[in-house]
Amino acid sequence: MQPSTAPHPITFADFRARAATRLLPKPLPDAFDPTIIPPHGDHRLAQMLAPEDGTLHRPAAVLIPIIDRPQGATILLTHRAAHLKDHAGQIAFPGGKMDTHETDPAQTAIREAREEIGLDQKYIDPIGYLEPYLSSTGYRIVPVIASIDPAHSLAIDPNEVQSIFEVPLSFLMDPTHHQTHRREWRGALRDYYAMPYMHYYIWGVTAGIIRNLYEKVYGE
């Protein structure tokens, strides 16, 4: 099945109309069921990462913030602080593990966006979900797609985030920009998605989730 190329540029109205019939209106009921291994994850391109047991996988969520700009919709991404223990210096969505009292991935994604980049909930309008993504670090991540009011304000937490930037949705939804890269990992070669943009290297989990968003909304 050959995927279709997304239109250029992509207005937010175009994206929302298409997403309305393709995104999940709610998270899958079994999104965090440890007995089910999600089809989406780092193991999709790297079979060495295929888990044998899901019981240790921790529930998590990320926010995919889509902003309606005059020149076309954009996705907001963060450049993680260089001193962090995990994924230092990598490109990421706002997000993290779910707190025990949180029952909806949107709660987690919105809380993390506030903590990491100071994005207030009043600017966030969730519009749908993707299937869970299983990371090689043991997280079952539910992506929450949301419209972000262009009038929003941000306040970066330097303990979490080095900088933020926006990428045109048309760039990320163009499959010709979805490269497959390879590197050695634990003594074996591992394949993964990468979407280099300007001087930013978008790869790994973030690129994998973007690829899933493309397939869900623009794949045929």
Residue satisfying all of: in region 123-132; touching a His at 6+ places or on another chain (Cβ under 9 Å) and surrounded by fewer than 23 Cβ atoms within 10 Å (Cβ to Cβ); farthest from Ser163 (Cα to Cα) among these: Glu131
Top-ranked residue of region 161-199 - restricted to ones that are closer than 26 Å to Arg140 by Cβ, more than 13 Å from the chain's Cα centre (by Cα) and of a type in the set (Phe, Trp, Tyr), ranked as modelled with the highest pLDDT: Tyr192
Residues satisfying the stated conditions in region 165-219, i.e. of a type outside the set (D, E, K, R), part of a strand (DSSP E or B) and free of Cβ contacts under 8 Å to residues at least 60 places away in the same chain: Gln179, His181, Leu189, Ala194, Tyr197
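Quick one: would you say Val167 is closer than 21 Å to Ile117 by Cα, surrounded by 14 or more Cβ atoms within 10 Å (Cβ to Cβ) and of a type in the set (Val, Ile, Thr)?
So Val167 passes the test.
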Residue in region 6-17 that is at pLDDT 85 or above and charged (D, E, K, R) present: yes
Qualifying residue in region 136-145 (condition: within 21 Å of Ala61 (Cα to Cα), touching a residue at least 12 places away in the same chain (Cβ under 8 Å) and of a type in the set (Phe, Trp, Tyr)): yes
Some residue of region 156-179 being touching a strand residue (DSSP E or B) at 6+ places or on another chain (Cβ under 7 Å), within 14 Å of Arg44 (Cβ to Cβ) and not polar (S, T, N, Q): yes
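The values are calculated or read from the model by the stated rules, or taken from the named source; none is laboratory data. This is a predicted model, so every value here is computed, not measured. Reconstructed Cβ throughout: ideal geometry from the backbone, glycine too, with neighbour counts over all protein chains shown.
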